[in-house]
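Input: a single structure, listed below in structure tokens.
Nothing in this text is a laboratory measurement; each read-out follows from the coordinates by a stated rule. If you're wondering where the values come from, they're calculated on a predicted model, not measured in any experiment. Glycine gets a Cβ as well: all are built from the backbone with ideal geometry, and neighbour counts include every protein chain shown.
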């Protein structure tokens with residue numbers, strides 16, 4: 001792998017709340033200009049880790065380095081954080097809220113006004129500029145929150161479930177915007193439960209469960225390391241062969257085809273051969289990669 | 001520092017640029033004026049004239065009662081009562097009630113009736129019929145033995161609850177009988193007036209410097225000052241709490257905390273809202289000074305001399321200093337509460353405590369006005385939590401030595417430092433706790449851990 005500049009370095013970080021361990025000995029790097037998928041079930045310690053990165057909380061052990069130094073007020077100005085649980089001031093004009101959030105990131109008022117106009121235009125919300133939050137639909141509010149995250153032109157974006165509450169059209173739209181930001185060589189940490197979305201967007205992933213790291217690496221590497229023992233099959237007949245536990249460990253139905261997990265030491269060639277010998281009419285027989293969803297479920301459930 | 005100022009600016013504008021701020025700023029003086037004027041207005045609504053028969057078998061009392069209740073006499077009495085009320089602002093509640101009752105005109109319409117030669121029973125029977133037939137509203141039976149000590153005057157009325165009319169009538173009868181008794185004893189009315197004239201007692205206060213000073217009016221001013229501080233602290237404390245709860249409830253806190261230090265955010269909020277409160281108070285003080293000035297000018301034009309406590313520039317500066325001390329004490333408590341609870345309703349329950357302390361402070365200021373130099377006044381006016389209300393009132397009643405004022409400022413500043421230290425610790429953790437209210441042991445743990 002080519003050595004790339006590292007935006008964020010998390011080294012042996014632990015965080016405890018009383019007897020409860022939120023994060024345990026977690027280490028990972030986020031490389032500059034990549035989309036980093038930060039995955040894990042609820043309560044795995046994602047939010048705690050993110051809060052430590054943005055400087056809301058501090059680790060009990062280990063250290064976190066952002067752009068080569070420890071988090072500080074100046075560094076906070078270079079982060080755009082979209083929390084999972086988020087909101088806006090209910091009775092304040094959109095433009096006033098955005099100005100305030102920009103001011104808190106040390107953006108001058110003139111510059112903020114210019115960018116607010118740009119982003120409202122980009123999000124097709126210009127006519128809502130002087131409206132109050134309560135006048136906006138939920139989806140519009142989500143987009144305003146996204147604007148507040150990118151308004152100060154941050155180098156690192158941390159997006160926690162950015163698509164929740166958005167309709168499919170706006171999801172696609174936001175994905176485009178994220179792709180644009182990536183093209184501007186911004187580093188993006190992307191936290192989600194939606195494995196399909198993660199698969200589409202992420203270059204690298206980190207999966208944590210019960211406060212510990214489970215899997216990490218580039219999406220390619222993770223998938224490759226998960227083995228190539230998955231087969232998609234569309235066929236008529238041959239049921240007896242599929243029930244042979246020496247060949248097939250597990251079958252799942254996917255629409256009009258079946259996904260087969262090969263038994264240990266079983267060979268795909270032998271499986272294909274015995275299917276044909278047993279008179280199965282085969283439409284499709286394909287070695288496939290595991291989806292991120294499969295990996296997620298397998299790793300979390302420990303299968 | 002730049003972020004802190006952004007927060008201050010944001011919080012200040014958020015309050016001051018609202019219609020409700022403008023409305024409250026204008027409405028409070030109006031409301032205060034209304035409270036002073038409305039009761040007088042209500043009492044001044046005249047009831048219908050009471051049709052009355054004075055059944056006087058002696059023929060001596062009726063004419064005197066009539067004269068005493070004539071409209072000219074009533075008018076003179078009413079205006080005297082009015083002057084009295086203005087002079088003695090510190091009269092007891094009861095006296096004030098009576099006086100305002102006298103200010104209202106009560107009118108009687110005398111119906112002719114010949115009572116001679118009828119027994120008391122006969123009179124009652126006849127007159128009761130007149131009442132039931134609504135020919136008259138009331139009648140008074142003057143006993144023949146009016147001069148004896150067990151003479152019994154009897155008054156019957158359809159409107160027995162009209163205490164104003166009753167008290168006027170009682171006075172009129174008393175004075176009529178007294179005049180008649182005097183006349184019987186050959187003492188003239190003028191002679192009696194001369195003998196029973198009130199002494200002219202003018203209450204003056206000797207200040208520390210030994211000057212004489214008129215004391216009238218300082219009670220009213222003290223109450224107004226106390227009330228103004230009390231209300232402002234309450235309103236702005238609640239403002240702080242709901243602003244904090246909003247940021248917590250909407251999860252804006254998470255975004256804010258990732259942009260600036262929690263301490264900067266909390267202090268920025270306190271200072272911003274504090275400045276808004278100061279703005280409002282300054283408007284009120286200026287308008288109060290103008291109103292009082294105009295009022296005095298008008299009253300002296302009307303020939304009524306009242307003195308107001310001398311309010312110097314220093315008094316006003318002290319007033320603002322103590323307002324700010326009070327603001328930071330109570331606002332910090334409210335911010336602390338806001339960061340512990342999950343919604344405004346829950347906050348309201350906790351907010352009982354500061355409100356309770358504020359109310360005690362407000363009532364203590366009455367004790368201080370009555371005796372500004374007692375031990376109680378001293379301790380209460382330097383004590384944290386109470387001093388912000390009590391000390392300005394005490395300064396107005398009688399300026400204590402400077403060291404006491406300085407001590408009050410010092411003690412309350414220390415209290416603020418302690419409270420801010422405490423609140424900052426709770427705020428940092430509490431603002432990111434969603435879903436449930438923090439318990440006291442939890443809060444205690446946050447304070448110790450950070």
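The angle between the Cα long axis of helix A:168-183 and the main principal axis of chain A comes to about 80°, on a 0 to 90 degree scale. Using a Förster radius of 51 Å, what is the FRET efficiency between residue B:282 and residue B:199 based on their Cβ-Cβ separation? Nearest 0.05, please. Between residue B:282 and residue B:199 the formula returns 0.70.
Ranked by how many other Cβ atoms sit within 10 Å of their own Cβ, fewest first, the residues A:160, B:371 fall in the order B:371, A:160.
Taking N as the residue count of segment A:157-240, its C-alpha radius of gyration divided by 2.2 N^0.38 Å amounts to 1.43. Shielding by partners for peptide A:100-111, expressed as the average number of C-beta atoms from other protein chains within 10 Å of each residue's C-beta, is 4.
Taking the inverse of the mean reciprocal distance over all distinct Cα pairs, the Kirkwood hydrodynamic radius of segment A:6-222 comes to 17.9 Å. Given R0 = 25 Å, the distance between the Cβ atoms of residue A:11 and residue A:32 translates into a calculated FRET efficiency of 0.90.
By the count of other C-beta atoms within 10 Å, a proxy for reagent exposure, B:10, A:193 are ordered fewest to most as A:193, B:10.
Within 10 Å of the Cβ of each residue in B:6-13, the mean number of Cβ atoms contributed by other protein chains is 3. With a simple spin-label model that places each label point 7 Å from the Cα along the Cα-to-Cβ direction, the separation between residue B:313 and residue B:121 comes to 8.4 nm. Restricting the calculation to Cα atoms, every distinct pair contributes to the Kirkwood radius of segment A:17-143, found to be 17.2 Å. Taking 0.36 nm per residue of separation and subtracting the Cα-Cα distance, full extension of the segment from residue A:246 to residue A:60 would add 62.0 nm. In chain A, helices alone account for a calculated mean residue ellipticity at 222 nm of -9500 deg cm²/dmol, with every DSSP H run of four or more residues adding -39,500 (n - 2.57).
Between residue B:421 and residue B:346, the simple label model (points 7 Å from Cα in the Cβ direction) yields a spacing of 2.8 nm. Summary of packing: across the peptides A:61-69, B:387-395, A:198-206, A:25-33, the per-residue average of other C-beta atoms within 10 Å ranks them, highest first, as B:387-395, A:198-206, A:25-33, A:61-69. Taking R0 as 60 Å, what's the FRET efficiency between residue B:189 and residue B:444 from their Cβ-Cβ distance, rounded to 0.05? Once rounded, the FRET efficiency stands at 0.15. Hey, for a label at residue A:118 modelled as a point 7 Å past Cα toward Cβ, could you say which residues of segment A:147-170 have their backbone N under 15 Å away? The answer is A:147-155, whose backbone nitrogens lie closer than 15 Å to the label point. Shielding of peptide A:79-90 by partners, expressed as the average count of other chain Cβ atoms within 10 Å per residue Cβ, is 5. Where in segment A:191-206 is the amide nitrogen less than 19 Å from a point lying 7 Å along the Cα-to-Cβ axis of residue A:185? Label zone hits: A:203-204. At full extension, residue B:235 and residue B:23 could sit 75.0 nm farther apart than now, given 0.36 nm per residue minus the alpha carbon distance. With the simple model of a label 7 Å out from the Cα in the direction of the Cβ, residue B:437 to residue B:16 spans 3.5 nm. Of the peptides A:95-107, A:259-271, the order by per-residue mean of other Cβ atoms within 10 Å, starting with the highest, comes out as A:95-107, A:259-271.
Cβ crowding within 10 Å, taken as a proxy for footprinting-reagent exposure, orders A:138, A:213, A:129 from fewest neighbours to most as A:138, A:129, A:213.
In terms of overall dimensions, the protein assembly as shown has a Cα radius of gyration and Dmax of 41.9, 149 angstrom.
If both residues of a DSSP beta bridge must be in the protein assembly as shown, then about 65% of such bridges are antiparallel. For segment A:181-303, the alpha carbon positions stretch 55, 31, 22 Å along the principal axes, listed from largest to smallest.
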